[in-house]
Each structure stands twice: as C-alpha cells, then as structure tokens.
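> One structure coming up, written as structure tokens, with questions to follow.
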Amino acid sequence: MRTQLLLLLWAALCHHGDGRAFFRRTAGDAGKGTPSLAAGDGTALRRSKRGWMWNHFFLLEEYTGTDYQYVGKLHSDQDRGDGSVKYVLNGDGAGSLFLIDENSGDIHATKRLDREEKAYYTLRAQAVNKFTNHPLEPESEFIIKIHDINDNEPKFSKETYTASVPEMVEVGTFVVQVTAIDADDPTYGNSARLIYSILQGQPYFSVDPDTGIIRTALPHMNRENREHFQVMIQAKDMAGQMGGLSGTTTVNITLSDVNDNPPRFPQSVYQFSAPESTEIGSPVGRIKATDADIGVNAEMDYSVIGGDGLDTFDIIADRATQEGVITVRKPLNFERKSVYVLKVQVENTRLDPRFSSMGPFRDTATVKVTVEDVDEPPVFERDSYTMEVKEDADAGTTIGSVSAMDPDSSRSLIRYSIDRRTDMDRLFNIHPGNGTIFTLRPLDREETAWHNISVTATEFSNPRQLSRVRVHIRVLDVNDNAPVFATVYETCRIQTVSATDVDEPKGGHKFFFSLPPEASMKANFTVKDNRDNTAGILTRRSGFSRAQKSVYLVPVVITDGEFPMQSSTSTLTVRVCSCDRDGNMKVCSAEAYALSTGLSTGALVAILLCVIILLMIVVLFAGLRRQKKKEPLIISKEDVRDNVVSYNDEGGGEEDTQAFDIGTLRNPEAIEDGKQRRDIIPESLYPPAARRAPAGPARDQADVRDFISQRLQENDSDPTAPPYDSLATYAYEGNGSVAESLSSLESATTDADQDYNYLSDWGPRFKKLADLYGGEDSDRDS
C-alpha cells in the first residue's frame with residue numbers, strides 16, 4: 001500500500017504539472033528488518049513508525065485558471081478508506097490561501113500567488129480520527145515553494161539620469177553608469193538576467209550591455225557645436241531574448257566647457273571721444289572681445305601695449321561683463337594733443353596646455369580717442385606763492401605778483417582779485433590786470449608774522465570760469481623796537497639784569513648796557529656790561545644803611561646792535577637788604593617780599609571789600625523778601641480801601657463794623673506807612689508834606705471828626721496832590737442834586753406815576769436809559 005501511495009502522489013503531481021512531492025521515510029528499527037524502497041534519485045526510503053512524511057510542494061505563481069489551483073494530495077497509511085480519518089492543515093495561509101479536503105487530503109490554492117510578495121509558505125499537516133479527534137500520527141511540517149515566472153519588467157533606479165563630460169575628450173571616456181533591477185528570481189531561469197542597450201543617442205555614446213556604463217563613442221565632441229544630448233537606455237530580461245520584458249530610462253548628458261577657443265575682437269578699430277575736463281580714473285569707452293567658451297574659460301584680461309596714449313590711458317577688465325573699460329590715466333589737454341591712438345591686447349586668463357596648438361589665445365585691436373575742447377578756468381603758473389615784505393614798508397609797496405593764463409585756444413584776458421574773506425583787515429590789494437600784490441596799510445611783524453590770502457583769477461569773457469591760488473606773505477622784521485629789562489637777579493653785592501627785544505634779527509640779539517650821562521657822575525651805582533646780553537649793577541661805595549635809605553632808583557640805558565639802533569632807558573629799583581659775612585641775603589624789605597609774591601595790599605583790600613558788599617546785597621535781598629506783603633484781594637483801578645461799597649443793603653452807618661474798619665479812623669497811628677494805596681499817588685514819587693501831630697495828650701482817643709479834618713487840611717495844603725482821595729458815602733442822599741435822589745425808597749409806588757422824559761436831557765451818557773424808559777412810555781401811550 002505504501003508503494004501505491006507514493007506512485008499515486010507522483011502521478012498526480014506529474015499529471016497537473018504544477019507541483020512535485022518528495023517523500024522520505026525516516027530510518028526505522030534495523031533489527032526488525034524493515035524493507036526499503038529506492039527512489040528515483042537513488043535515495044533509500046525506509047519505513048518508519050509513522051506511516052508518512054514529506055518535504056516540499058512546488059507551485060507556479062500567477063495562476064490564471066478559473067478553478068482552484070491544485071497543489072498536492074496527502075494520504076496516511078492509517079486511512080482504511082472507511083471515512084474515519086480526517087486531514088487537518090495549519091500554518092501560513094491555511095484556511096484562506098490553502099484549503100484541504102479533510103476526507104481525501106487534496107490541497108488547493110484559492111488565490112493567485114506572487115513570488116515577489118512571498119516566495120514560500122510553511123504549513124503543518126496531521127491525520128486525526130474524525131470521531132474522536134485523536135491524532136493518528138504526529139503533526140508534520142512541509143513547505144509550499146512558489147516557482148517564479150517572468151512577470152516583472154526591469155526597473156531603473158532613476159527615471160532620469162544627469163551627467164556631464166568635458167568636451168574634446170577621447171573615445172571611450174566614462175560618462176555615467178545606469179542600473180536596473182528585476183524583481184524576478186535570479187536563481188531560477190533567465191527571468192532576472194538583464195542586458196543593456198542604447199535606443200537613442202548614437203553615434204555619440206555607447207553602453208556596456210552587462211554593466212550599463214555609458215561611454216563616449218565619437219572623438220573631440222565640441223560643446224560649441226552641440227552642448228546637450230539625450231540618451232535613452234533599455235534594460236531587457238531573459239538575457240535580451242525575444243519575449244523578455246524591458247524597461248527604459250533617459251540620460252541627459254551635457255558637454256562641459258574647456259578653454260579651446262581664443263578670444264577675438266569683433267572689429268579691428270574702435271573710436272571714442274572724451275572732453276578734456278575728464279577726471280583721472282573716469283571711463284572713456286568700453287570694448288569687448290568675443291570668446292566661444294563660457295565661465296572661467298571665457299575670462300579675459302585687457303592691456304594697452306602700444307600707441308602714443310600708452311601713458312595717458314589705461315584699460316581694465318570688467319569681470320561682470322568681460323568688457324575692457326578704457327580710463328583716463330593723466331589729465332587731458334586739447335590744446336596740447338587732441339587725438340590719441342592706442343593698441344589694445346586681449347588674452348585669456350586661464351590657458352589649457354592641451355589646446356595650445358589651436359593658435360595663440362590673444363588678439364589685438366586699435367583704439368582712437370579724440371579729445372574735445374571745453375572752456376576751462378584760468379591756470380596759475382604755480383600751485384602756491386610765497387612772498388616777503390618788511391614790516392616798515394609804506395602803504396602801496398609792491399610785494400610780488402601772481403600770473404595765470406587761459407588754457408583754451410581763445411586765450412581770454414584774466415582779471416585778478418583778492419578773496420576778502422581771507423583778508424578781513426584789508427591789508428593787501430592786487431592789480432586786476434597784471435596780478436601785482438601791494439600793501440594798503442603798514443604791517444607789524446610783532447602782531448602777525450604771516451598772512452595767508454587767496455587770489456582769484458577769472459576770465460573776462462566768462463566770469464564763471466574761476467580759479468584760486470594761495471599766497472603766503474611773510475613779514476620781515478626790522479629793528480623798530482627798543483630792548484627792555486627781562487629779568488633781575490638779586491644778590492648782596494651785585495645785581496644782574498638782562499634784556500629782551502620783540503624784534504628777531506638774523507644774527508641774534510646783541511644788547512649794550514650803560515648809565516645815562518646825566519646820572520653817571522653822581523650815581524651810587526655803576527653798570528658793568530658782561531658782553532653776554534646781561535649787565536651787573538655794582539655799588540660805588542660801601543656802608544649802605546637801610547635806616548637812612550632802603551630804596552634807590554638806578555636808570556639804565558639798553559641799546560641793541562641792529563641798524564637803525566634802538567635804545568630805551570629803564571629804571572632799576574635797588575633795595576638795601578641785610579646780608580651775612582658770606583654775602584648771603586638775610587633780611588630784605590618786607591614791602592619787597594610782599595610785592596614779589598603776586599598781589600599787593602591794595603588789591604587784597606579791594607577783594608575783601610567786594611566780598612563784604614556782596615554779602616550785604618544778599619542780606620538786604622533776604623530782608624526785602626520777608627517784608628513782602630500779601631497781594632490785595634481786590635486788584636482793580638477802583639480799589640478804594642477807605643470805603644467798601646455794598647449794593648445789596650442800605651448801609652449800617654458807623655455801627656456797621658463789617659463794612660469799614662472804624663478803628664483805623666480812631667487810631668491814626670495804626671496806619672501802615674509802608675503799604676501803598678491804589679487810589680492815591682505813591683509817596684515815593686511825591687513826598688508828602690510833614691504831618692503835624694494831633695493836638696491833645698490822648699492821641700489814641702482822638703475823635704473821628706478831628707482826624708478827618710486833619711487829613712482834609714493836609715490834602716488841601718498839598719498843591720501836587722490831585723483829588724484822588726474822595727469820600728463817597730452812599731447812605732446820604734445829598735441835597736441840591738439836579739437828578740435828585742436815585743433811591744427807590746423815595747420813588748413812587750408804581751411805574752405809571754413816573755415820567756422818564758427828562759432822561760433825554762441828561763446827555764449822551766444816559767441815551768440808552770432814555771431809550772429804554774422813554775420807549776416804554778410811548779408804547780404805553782399807544
């Protein structure tokens with residue numbers, strides 16, 4: 001039966017053509033003499049305790065049939081055919097991808113399988129009793145391996161490749177390598193064996209069929225002729241045989257530039273023009289050579305290699321545009337030279353020695369520059385002038401002259417002038433026609449030794465054309481100042497003096513000292529000239545006594561050695577001092593020491609007085625601030641302090657103490673004299689007449705009537721006092737008034753009894769009132 005089972009399984013696999021099962025019996029008990037069978041490959045099959053065991057099933061992928069794909073059949077030798085054996089399948093895809101007939105043991109695949117998704121499946125099979133579910137044999141494992149078919153085309157790692165290769169290279173130069181991958185099984189057949197070929201890009205490039213390396217196929221490909229190439233590469237499986245699947249990719253190849261082209265000028269002669277006023281460094285024109293190369297291989301240098309403008313013009317390269325910029329190197333002058341010819345050369349900055357045989361990588365051209373005439377300002381012969389004049393020169397003395405000329409061909413006349421902002425004192429002037437500078441006033445070297453002025457030159461034909469030049473005038477010294485004492489050195493036996501002179505002679509100062517003739521005969525002192533610009537004052541006698549005379553005045557004549565000779569007489573004050581035996585000064589006049597310290601006694605006293613005055617001013621100012629009174633509550637021109645007018649009542653008379661301070665009238669001494677009234681003239685402007693004291697011994701009990709009479713008499717006797725002080729008492733209606741009383745107490749009880757026509761007779765001041773009341777009467781009458 002076992003032999004029949006093996007044959008049955010083998011026949012079933014061969015019949016379907018989609019799988020094979022290899023059975024191997026495990027080694028049994030040799031002592032039992034278990035018979036053995038020989039398989040087709042010579043392997044001995046021995047019977048074991050288990051009835052069956054297998055290793056692999058094989059199944060083709062991508063099944064396209066409508067029925068389930070048959071995998072194989074399982075059968076146990078414990079199966080007697082009575083239906084008591086049930087086959088159970090577990091593992092990868094059991095029950096979903098793979099189904100087993102529990103009665104017959106047939107295994108089928110329910111779906112199309114793809115080896116690229118899963119190459120094999122591991123399952124476990126077992127035979128159990130259908131009724132008791134007891135296993136009849138141990139569970140065994142087997143593998144279903146998916147056989148590959150050529151169902152995947154090759155795919156490149158990139159859809160588009162980009163590469164570059166230098167131009168002018170040799171044949172076979174490496175460009176780039178492309179790689180394709182086939183998902184089919186490379187160990188089974190030729191499904192994953194790829195062959196590369198070129199579909200587009202010949203004859204410029206080629207591809208290695210096995211490695212996919214792309215190389216150049218033509219020599220000396222020129223970028224200037226064609227720069228970009230598009231190459232299409234195909235990868236085909238099945239070793240390139242017919243029926244194989246293929247994939248393609250695109251390779252964009254660019255030829256990179258090399259310096260294989262020399263620069264060339266598009267024309268041999270260039271012409272430019274520039275005004276003669278063009279500043280140094282300014283551009284005149286641009287020229288550009290052409291170079292078929294690009295990038296750094298097209299960078300060029302320009303230079304001037306010849307021509308009569310070699311030193312006047314220069315040319316530099318503009319790296320942004322690769323143009324040659326012609327610039328001015330020296331000032332241009334139309335009157336001297338109007339046309340320049342330049343020979344300009346251009347060459348590459350980076351040369352490739354591999355292409356040196358392709359000719360010289362330089363070119364030359366001729367550039368003509370025409371100078372245009374412009375109206376230029378006058379030009380001085382010098383950049384600056386230095387002149388000298390003696391300080392004793394009279395007004396109108398000529399110092400020197402400046403000269404300028406019009407550089408234009410018209411040679412316009414020049415007018416000279418001095419910029420008065422540089423000669424504020426108007427010490428100098430210039431002749432407008434010939435440029436002669438002369439003095440207007442005498443100069444003093446001791447005041448200003450140098451004068452710097454600006455001279456302007458303008459054209460008569462065009463005054464806007466102006467130029468300036470600096471003129472430095474040095475005032476030369478003359479001996480016009482006499483020497484004077486400089487220092488005095490005091491000792492006990494000799495007085496040494498020196499002199500100074502503001503003049504500055506070329507040979508230096510030389511002073512001579514002597515006594516005046518009128519003082520030499522009776523002088524107590526003599527002058528000894530030391531021949532070194534100092535002199536010693538010597539005594540003619542001894543025994544000077546400070547008690548007799550402590551101060552002596554010695555006249556000394558000081559003469560300089562210049563021409564004309566100048567001299568001055570100065571008085572030397574000699575003080576008698578106490579000295580010891582060695583000639584050292586012990587005690588001298590206290591006055592002398594006080595004077596020599598700097599400030600005199602009078603100066604110290606004056607300073608002290610100033611300080612005292614300042615302190616008094618500060619104290620006085622502080623006192624005035626303390627005595628400052630409060631501002632009055634009523635500030636107006638009609639502020640009458642003697643009367644407080646209240647219009648809302650009739651007045652209370654003398655008993656009304658709130659309306660008026662009656663105590664002031666009863667006690668005149670309580671009046672504040674320092675307080676100024678606004679209704680009278682201030683006493684500081686018109687001093688009042690002397691007041692007489694009130695009569696009677698009891699002044700503080702003075703009667704009001706006496707006080708008012710006294711004040712009235714004082715004002716009447718003062719001719720300068722206007723009637724500012726007036727007493728207005730509104731409690732009294734008055735007698736003899738034309739308008740009579742204005743009080744409403746004496747008016748009629750009704751407005752109808754009043755006649756207001758008389759208001760029109762009072763004049764223009766009462767016109768408004770007359771219109772109001774007179775109008776009411778006329779309205780009432782009507």
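The values are calculated or read from the model by the stated rules, or taken from the named source; none is laboratory data. Nothing here was measured: the structure is a model prediction, and the numbers come from that model. Backbone-built Cβ (ideal geometry, glycine too); neighbour counts: all protein chains shown. What goes into the accessible areas is simple: the full protein's heavy atoms, side chains included, and nothing from ligands, DNA or RNA. Shrake-Rupley method; radii C 1.70, N 1.55, O 1.52, S 1.80 Å.
> Any idea which residue in the stretch 304-339 is nearest to the chain's Cα centre (by Cα), counting only those that are surrounded by fewer than 17 Cβ atoms within 10 Å (Cβ to Cβ) and among the small types (G, A, S)?
Once the filter is applied, the top-ranked residue is A320.
> Output the residues belonging to the stretch 137-188 that are part of a loop (DSSP other than H, G, I, E, B), out of contact with any Lys or Arg (no Cβ under 6 Å at 6 or more places or on another chain) and among the charged types (D, E, K, R).
Hits for the stretch 137-188 are D151, E153, K158, E159, E170, D182, D184, D185.
> If you check I399 against the conditions, is it open to solvent by less than 60 Å² (accessible area, probe 1.4 Å) and in contact (Cβ under 8 Å) with a residue 40 or more places away in the chain?
So I399 fits the description; yes.
> Any idea which residue in the stretch 343-370 is least open to solvent (accessible area, probe 1.4 Å), counting only those that are closer than 30 Å to V169 by Cα and of a type in the set (S, T, Y)?
T349
> While we're looking at this one, here's another question. Cβ contacts < 8 Å: first residue without any contact (Cβ under 8 Å) to a residue 40 or more places away in the chain, restricted to the stretch 372-392; second residue part of a strand (DSSP E or B) and open to solvent by less than 40 Å² (accessible area, probe 1.4 Å), any location; separation 6+ or different chain. Result?
Cβ pairs passing all conditions: E381/A404.
> Now for a separate question. Tell me, yes or no, whether the stretch 409-416 has at least one residue that is in a strand (DSSP E or B), surrounded by fewer than 19 Cβ atoms within 10 Å (Cβ to Cβ) and modelled with pLDDT under 90.
Scanning the stretch 409-416, I find no residue that is in a strand (DSSP E or B), surrounded by fewer than 19 Cβ atoms within 10 Å (Cβ to Cβ) and modelled with pLDDT under 90, so the answer is no.
> Here is a further query. Scan the stretch 417-431 for residues that are assigned to a loop (DSSP other than H, G, I, E, B) and either open to solvent by less than 50 Å² (accessible area, probe 1.4 Å) or within 13 Å of H451 (Cα to Cα) (or both) and jot them down.
D419, D423, M424, D425, R426, L427
> Could you list, in sequence order, the residues of the stretch 70-97 that are surrounded by fewer than 20 Cβ atoms within 10 Å (Cβ to Cβ) and under 28 Å from D184 (Cα atoms)?
G91, D92, G93, A94, G95, S96, L97
> Now a separate question. Are there any pairs with C-beta distances below 6 angstrom linking a residue in the stretch 238-260 that is under 20 Å from V207 (Cα atoms) to a residue that is among the acidic types (D, E) and outside any strand (DSSP E or B), with the two at least 6 apart or on different chains, and if so which?
G244/D237; L245/E153; L245/D237; G247/E153; L255/E167; L255/E227
> Hey, among T496, T439, T448, T534, which residue is farther than 22 Å from S568 by Cβ, modelled with pLDDT of 75 or more and open to solvent by less than 40 Å² (accessible area, probe 1.4 Å)? Give the derivation first.
Details: T496 fails: farther than 22 Å from S568 by Cβ; T448 fails: open to solvent by less than 40 Å² (accessible area, probe 1.4 Å); T534 fails: farther than 22 Å from S568 by Cβ.
Of the residues listed, the single one that is farther than 22 Å from S568 by Cβ, modelled with pLDDT of 75 or more and open to solvent by less than 40 Å² (accessible area, probe 1.4 Å) is T439.
> Right, another one. Of (1) touching a Pro at 6+ places or on another chain (Cβ under 6 Å); (2) within 30 Å of L413 (Cα to Cα), M300 satisfies all except one. Which?
(2)
> Let me ask you something else. Would you mention how many residues in the stretch 460-479 are at pLDDT 90 or above and open to solvent by less than 60 Å² (accessible area, probe 1.4 Å)?
Matching residues across the stretch 460-479 total 5.
So that you can scan it fast, the table gives a plain yes or no per residue for (1) closer than 30 Å to S76 by Cα; (2) modelled with pLDDT under 85; (3) among the small types (G, A, S):
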residue: I144; (1), (2), (3): yes, yes, no
residue: E170; (1), (2), (3): no, no, no
residue: I181; (1), (2), (3): no, no, no
residue: D184; (1), (2), (3): no, yes, no
residue: G189; (1), (2), (3): no, yes, yes
residue: S197; (1), (2), (3): no, no, yes
residue: T211; (1), (2), (3): no, no, no
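Each row is one residue, and each column tells you yes or no for (1) surrounded by fewer than 13 Cβ atoms within 10 Å (Cβ to Cβ); (2) charged (D, E, K, R).
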| site | (1), (2) |
| --- | --- |
| R124 | no, yes |
| H134 | yes, no |
| F142 | no, no |
| I146 | no, no |
| N150 | no, no |
| K155 | no, yes |
| Y188 | no, no |
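> Right, something else. If you check V296 against the conditions, is it in contact (Cβ under 8 Å) with a residue 40 or more places away in the chain, outside any loop (DSSP other than H, G, I, E, B) and surrounded by 20 or more Cβ atoms within 10 Å (Cβ to Cβ)?
It is false that V296 is in contact (Cβ under 8 Å) with a residue 40 or more places away in the chain, outside any loop (DSSP other than H, G, I, E, B) and surrounded by 20 or more Cβ atoms within 10 Å (Cβ to Cβ).
> List the strands (runs of 3 or more DSSP E) inside the stretch 235-291, counting only whole elements, that have at least 2 residues being open to solvent by 10 Å² or more (accessible area, probe 1.4 Å) and β-branched (V, I, T).
246-256
> Go through the stretch 200-228 and report how many residues are surrounded by fewer than 13 Cβ atoms within 10 Å (Cβ to Cβ) and part of a strand (DSSP E or B).
Number of matching residues: 1.
> To continue, here is another question. So, of the residues in the stretch 98-122 that are crowded, with 17+ Cβ neighbours inside 10 Å and either within 30 Å of I181 (Cα to Cα) or aliphatic (A, V, I, L, M) (or both), which turns out to be modelled with the lowest pLDDT?
Restricting to residues being crowded, with 17+ Cβ neighbours inside 10 Å and either within 30 Å of I181 (Cα to Cα) or aliphatic (A, V, I, L, M) (or both), the top hit is R115.
> Hey, does the stretch 344-358 have a residue that's assigned to a strand (DSSP E or B) and basic (K, R)?
no
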